[in-house]
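Here the structure comes first, spelled out in structure tokens, and everything after it is commentary.
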Amino acid sequence: MPIHSKLGLGGHTFIAELGNDPLATFEEQCEIVRTCLNESIHLIDTTYYQERAALGQIFTAIGRREEARVMAWNFFKEPGKENELVPFTPFESAHIRQMLEELQTDSIDILVIHAHDDSVKLKQELSLAKQWMSEGKVKKVGLGMAQLKHLQLLPDDHPVTHVLAPYNAFRLEAAEMFTYARDYGMTTIALSPFIRGWKLDELGEQKSMAADLLLRWVTQQPLIDHVIVSMRAKDWIHANLQAAGRGPLNEKERTIIDNWTARIG
Ligand SMILES: NC(=O)c1ccc[n+]([C@@H]2O[C@H](COP(=O)([O-])OP(=O)(O)OC[C@H]3O[C@@H](n4cnc5c(N)ncnc54)[C@H](OP(=O)(O)O)[C@@H]3O)[C@@H](O)[C@H]2O)c1
């Protein structure tokens, strides 16, 4: 697979809460999704319900839903907290309808179950996901914020084919889980190459150079199949595609990253 096709678009692109920059206008969001699809970025992640609703509206406006592979996590709209980013809720039967309505689609390409330690509840969620697969509402199932212990406790007949976790030069814990997942033939998806946009500011370097090095740090790893990054500006799509295509870090660039992680952690 060409390295640049490892990139996926993060749904935080469509919300204001987790970014520095002002929210992209609806027109800009449509243009960001169009540009991604034109540039072979087909994987689009949605975490919070607000992101699903935004993506649903975007696809209604631009068409092209069938060109994308949409991922959707179990974070739901809660009464009285419609404008907040609320924690995840384990999947229940009614959730799939809600998600499909928000996304304005017939099926979710990768349904992401947020991992947790209640193995009985997790088993129920995996069964529900299998049922939704049999009904054609879900195509694949992923485990999000997965840790090694969660994979080791999966039942024999589990449907999980994708694992997702934050993984970047500052946050390495997921490496062991990704290695294990790979051994079992799963697809590995690294989230948040920059931790957040404001981490790039904290480094005190030229932002574009910092983004380039941190993105290459993760995209160049054979262990990683996809990297999800949010891009609130269309220019960043091209910058990030170019960075991903630029090739492995040299020794000097590795030392720069080592100095950042030693300084900021
Ligand atoms: N981290 C988690 O725990 C987690 C959990 C579930 C899902 N995810 C998924 O992972 C995706 C990515 O996570 P994230 O948004 O937290 O972190 P990220 O992708 O590492 O950071 C994105 C931010 O980096 C900045 N940026 C991107 N490209 C840039 C460039 N070329 N030059 C300069 N700045 C650039 C922007 O910052 P500003 O807009 O702030 O300036 C952008 O919002 C999310 O959208 C979501 O789909 C993450």
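Starting from the Cα of K139, draw a straight line to each of the lysines and keep only those under 27 Å, dropping any in the same chain fewer than 8 residues away.
List returned: K6, K77, K121, K123, K130, K149.
Just need the relative contact order of region 173-226 here, percent rounded to a whole number, with Cα pairs under 8 Å and 6+ apart.
Here the relative contact order equals 44 percent.
Each residue of region 34-43 in order: what ³J(HN,Hα) in whole Hz does its phi give by Karplus 6.51 cos²θ - 1.76 cosθ + 1.60, θ = phi - 60°, with x for Gly and Pro?
Using θ = phi - 60°, the values come out as 4, 5, 4, 4, 4, 9, 6, 9, 9, 7 Hz.
List, in order, the whole-Hz ³J(HN,Hα) value for each residue of region 89-94 obtained from phi through the Karplus relation with A = 6.51, B = -1.76, C = 1.60 and θ = phi - 60°; use x for Gly and Pro.
Karplus-based 3J(HN,Hα) across region 89-94 equals 10, x, 4, 10, 3, 6 Hz.
Can you tell me the FRET efficiency between N259 and L223 if r is taken as the Cβ-Cβ distance and R0 is 25 Å, rounded to the nearest 0.05?
It comes to 0.60.
Put a dot 7 Å past each Cα toward the Cβ at E176 and E92; how far apart are the dots in nm?
3.6
Quick one: grab the alpha carbon gyration tensor of the chain, order the square roots of its eigenvalues as a ≥ b ≥ c, and give me rounded if a/c is under 1.5, else prolate or oblate depending on whether a/b is larger than b/c.
Since a/c reaches 1.5 but b/c is at least a/b, the shape of the chain is classed as oblate.
Of all DSSP beta bridges in the chain, what percent run antiparallel (nearest 5)?
For the chain, the DSSP antiparallel bridge percentage is about 5.
By its C-alpha gyration tensor, with a ≥ b ≥ c as the square roots of the eigenvalues, how is region 119-169 shaped: rounded for a/c under 1.5, else prolate for a/b larger than b/c, else oblate?
oblate
Looking at region 66-146, which trypsin sites (Lys or Arg not before Pro) are in a loop (DSSP not H, G, I, E or B) and have at most 12 other Cβ atoms within 10 Å?
Answer by residue number: K81.
Can you run phi through the Karplus equation (6.51, -1.76, 1.60; θ = phi - 60°) for region 189-203 and list ³J(HN,Hα) in whole Hz, with x for Gly and Pro?
10, 8, 9, 6, x, 10, 6, 8, x, 6, 5, 4, 5, 4, 5
Over the chain, average the accessible area per residue using a 1.4 Å probe and give it in Å², no decimals.
Accessible area per residue, the chain: 46 Å².
For the modelled label position 7 Å from the Cα of Q124 along Cα-to-Cβ, which residues of region 73-107 have backbone nitrogen atoms closer than 12 Å?
90-94
Could you pull out every residue, at least 5 positions away or on a different chain, whose amide H is within less than 5 Å of the one on G8? Hs are placed 1.01 Å off N in the peptide plane, and Pro or chain starts have none.
Under 5 Å from the amide H of G8 lie the amide H atoms of V227, I228, V229, each far enough along the sequence or on another chain.
Restricting attention to region 62-116, which GluC sites (Glu not before Pro) occupy a DSSP loop and are surrounded by at most 16 other Cβ atoms within 10 Å?
In loop regions of region 62-116 (DSSP not H, G, I, E or B), the sparsely surrounded GluC sites (Glu not before Pro) are E82, E84, E92.
Going by alpha carbons, how many degrees (0 to 90, nearest 10) lie between the helix axis of 174-183 and the longest principal axis of the chain?
Helix 174-183 sits roughly 60 degrees off the main axis of the chain.
Taking loop as defined by DSSP and a crowding limit of 15 other beta carbons within 10 Å, which GluC sites (Glu not before Pro) in region 165-232 fit?
Listed in order of number, the matching sites are E173, E205.
Under 1.5 on a/c is rounded, so check that first for region 78-136, then, if it is not, pick prolate when a/b is larger than b/c and oblate when it is not; a ≥ b ≥ c are the square roots of the alpha carbon gyration tensor eigenvalues.
oblate
For region 3-264, calculate the relative contact order in percent as a whole number, restricting contacts to Cα pairs under 8 Å that are 6 or more residues apart.
Here the relative contact order equals 21 percent.
The values are calculated or read from the model by the stated rules, or taken from the named source; none is laboratory data. All of these numbers come straight from a predicted model, not from anything done at the bench. Note that each Cβ is placed from the backbone with ideal geometry, even for glycine, and that neighbours are counted across all protein chains shown. For accessibility, only protein heavy atoms count, side chains too; no ligands or nucleic acids. Shrake-Rupley method; radii C 1.70, N 1.55, O 1.52, S 1.80 Å.
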